[in-house]
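Read through the structure below, which is laid out as structure tokens, and then see the notes.
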Amino acid sequence: MDMATTDLEALAELCLQSAKTIKGFRATNGPSKLGFDTQALPSFPKGDEMTQRARNDLRNAAKTLYDLITGPQECLMESSLTSLQFIGSMRYICHFKVPDFVPEAGVIDYLSLAQHCGVDPGQLKQNLRFAMSNRVFYEPTPKTVAHTAGSILLMEGKPMRPFVQWLTEDCAPMIAHQIDAIEKWGHGSQEPNQTAVNYAYGVKGPFYDFIRSDPVRERRFGTTIQQVSEQPSSSVTHIQNGFDWASLGNGTVIDVGGHIGYCAVAIAQAAPKLHVIVQDRSEVVQMARESTIVPKDMQGRVTFEVHDFYQPQKTCADAYFYRKTLLNHTDKNAAAIIGALSPALKPGNRLLIMDFVQADKPVETTATERYYRAVDLQMLLYYNCRYRTLDEWKELVKAGDSRFEFERECSPPGSAMPILSFIVR
Ligand SMILES: C[S@@+](CC[C@H](N)C(=O)[O-])C[C@H]1O[C@@H](n2cnc3c(N)ncnc32)[C@H](O)[C@@H]1O
């Protein structure tokens, strides 16, 4: 069906057909159930391709139906007001640790809950009742509160707590001051220390200095990043399918900004004769040397080097691999990072970039597109960056070193990021 359709019956029919497919999959996949109570699944289980497609169709058709019958004016009113208050209520709930004082099974009355949290019972009720309208907590009776499948994920120690708190507590002030940052430093600033973060928090350095300055915040950000990188679409196994590593024979690959070596291990597994050098900042290399990420039998082939990727590259290699390393650098700085390779480059050497590539086509109104558009705006908040299109990546690489020629884009199935391959001619 044409997803741009506005025919109510056609959309409802797509919902029905997709729901039947999903129900069929669920019937043969164990007793776990979809629902909103604490026994329900925390996330939709990974199904086969047909089920995944049905799930996407259902989400998108149901949202289109909802928007159509709500109408543009009410949609704008509703989403502006409710998204603003969603941020406020989630911030309140996480900040005052409300989920931790509601029993996992059973109920608590508002007064006792307010006492445990050290808050005003009236304000607590206001915030919780809005959250309940989003199925986060519920009221078995007008005076008591209980967990739902959603609210239980916000308890201390559960991964959604730092995720939600990072966005609603740490990032909300950035959003509030983004326009101030633009007014102060100009539109389209390429400086990593002229961002909404700098304005909102009055800090002078780039984003990572801000993160490092507060261990609580650093942990929250770290867990948020971990959550995202644990998604199957970010798995390091996609690295193995995105390039023919064995074609490099017994050559050398440098994983620039390779952190503690988890990507290097994946590369070394894919090509048993390759030598992989991980370059990173000194504190990260120190961490890598203390970690057990590299199996003993690979330690001769996966090694570590301290290197600042803005400084001229001194180690020669057949390929230089950058995964999720250039995305948070503005064009000016990312070109400087690539340019720093120049002294080491010889004809036939490769630059392999595994990163997000924004499609150069009209935006779709799907749940997936909406999510990535929002992440793109996070890049603007933190770093004055954006997701790049393929042509923008090509221009960036040429600006770094004009000898690089684009070879190909390879998108491993299920991977959020392709590998872009460039070769020195
Ligand atoms: C977003 S992480 C990506 C890590 C890894 N490539 C991956 O795919 O998960 C960026 C990496 O770049 C490193 N990095 C940041 N600034 C650097 C610099 N000036 N020189 C070398 N590495 C740097 C960080 O320490 C971090 O390991």
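The values are calculated or read from the model by the stated rules, or taken from the named source; none is laboratory data. Keep in mind it's a predicted model, so treat the numbers as computed, not measured. Don't worry about glycine lacking a Cβ; one is built from the backbone with ideal geometry, like all the others, and counts go over all protein chains shown. Remember, those area values only see protein heavy atoms, side chains included, never the ligands or the DNA or RNA. Shrake-Rupley method; radii C 1.70, N 1.55, O 1.52, S 1.80 Å.
Counting residues in the range 46-68 that are charged (D, E, K, R), in a loop (DSSP other than H, G, I, E, B) and open to solvent by 40 Å² or more (accessible area, probe 1.4 Å) gives one or more. Residues in the range 236-261 that are among the hydroxyl-bearing types (Ser, Thr, Tyr) and either over 25 Å from ARG281 (Cα atoms) or within 12 Å of the ligand (Cβ to nearest atom) (or both): SER247 alone. Selection over the range 94-131 of residues that are within 20 Å of ALA149 (Cα to Cα) and in a loop (DSSP other than H, G, I, E, B) gives a count of 8.
Could we say that ALA264 is assigned by TED's automatic domain parsing to the domain that holds ILE337, touching an Asp or Glu at 6+ places or on another chain (Cβ under 8 Å) and within 16 Å of the ligand (Cβ to nearest atom) here? Even if it seems obvious, please write down each step before you answer.
Values: assigned by TED's automatic domain parsing to the domain that holds ILE337: yes; touching an Asp or Glu at 6+ places or on another chain (Cβ under 8 Å): yes; within 16 Å of the ligand (Cβ to nearest atom): yes.
So ALA264 fits the description; yes.
When the range 204-223 is limited to residues that are within 16 Å of the ligand (Cβ to nearest atom) and in a loop (DSSP other than H, G, I, E, B), the one that is least open to solvent (accessible area, probe 1.4 Å) turns out to be GLY205. When the range 310-356 is filtered for residues that are closer than 19 Å to GLU407 by Cβ and either among the β-branched types (Val, Ile, Thr) or within 11 Å of the ligand (Cβ to nearest atom) (or both), the ones remaining, listed by number, are PHE321, TYR322, ARG323, LEU326, ILE338, ILE353, MET354, ASP355. Taking the range 101-110 as the range and being open to solvent by less than 50 Å² (accessible area, probe 1.4 Å) and closer than 16 Å to PRO121 by Cα as the test, the residues that pass are VAL102, ILE108, TYR110. When restricted to residues that are open to solvent by less than 50 Å² (accessible area, probe 1.4 Å), of a type in the set (S, T, N, Q) and over 18 Å from PHE356 (Cβ atoms), the range 227-252 contains 1. When the range 295-317 is filtered for residues that are surrounded by 17 or more Cβ atoms within 10 Å (Cβ to Cβ) and either touching a Phe, Trp or Tyr at 6+ places or on another chain (Cβ under 7 Å) or more than 15 Å from ILE254 (Cβ to Cβ) (or both), only MET298 remains.
Answer with yes or no whether ASP255 is of a type outside the set (A, V, I, L, M, F, W, C), crowded, with 20+ Cβ neighbours inside 10 Å and in the same structural domain as ALA416 (by TED's automatic domain parsing). Against the criterion (of a type outside the set (A, V, I, L, M, F, W, C), crowded, with 20+ Cβ neighbours inside 10 Å and in the same structural domain as ALA416 (by TED's automatic domain parsing)), ASP255 qualifies. The numbered conditions (1) of a type in the set (Gly, Ala, Ser); (2) over 21 Å from PRO343 (Cβ atoms); (3) more than 11 Å from the ligand (Cβ to nearest atom); (4) within 28 Å of the chain's Cα centre (by Cα) are all true for GLY300 except (4). Of all residues in the range 267-288, those satisfying the criterion of being farther than 20 Å from ASP308 by Cβ and away from the ligand (no atom under 12 Å from the Cβ) are ALA268, GLN269, ALA270, ALA271, PRO272, LYS273, LEU274, HIS275.
With a cut-off of at least 2 residues that are without any contact (Cβ under 8 Å) to a residue 60 or more places away in the chain and over 23 Å from the mean Cα position of the chain (by Cα), name the strands (runs of 3 or more DSSP E) lying wholly within the range 332-425. Hits in the range 332-425: 404-410.
For the range 357-380, indicate whether the set of residues that are closer than 23 Å to ARG425 by Cβ, within 16 Å of the ligand (Cβ to nearest atom) and of a type in the set (A, V, I, L, M, F, W, C) is non-empty. It would help to see each step written out before you state the result.
Applying the first criterion (closer than 23 Å to ARG425 by Cβ) to the range 357-380 yields 357.
Next cut, within 16 Å of the ligand (Cβ to nearest atom) only: 357.
Then drop every residue that is not of a type in the set (A, V, I, L, M, F, W, C), which leaves 357.
Yes, the range 357-380 contains a residue that is closer than 23 Å to ARG425 by Cβ, within 16 Å of the ligand (Cβ to nearest atom) and of a type in the set (A, V, I, L, M, F, W, C).
Residues in the range 400-413 that are under 19 Å from PHE356 (Cα atoms), open to solvent by 60 Å² or more (accessible area, probe 1.4 Å) and of a type outside the set (Lys, Arg): PHE406, GLU409, SER411, PRO413.
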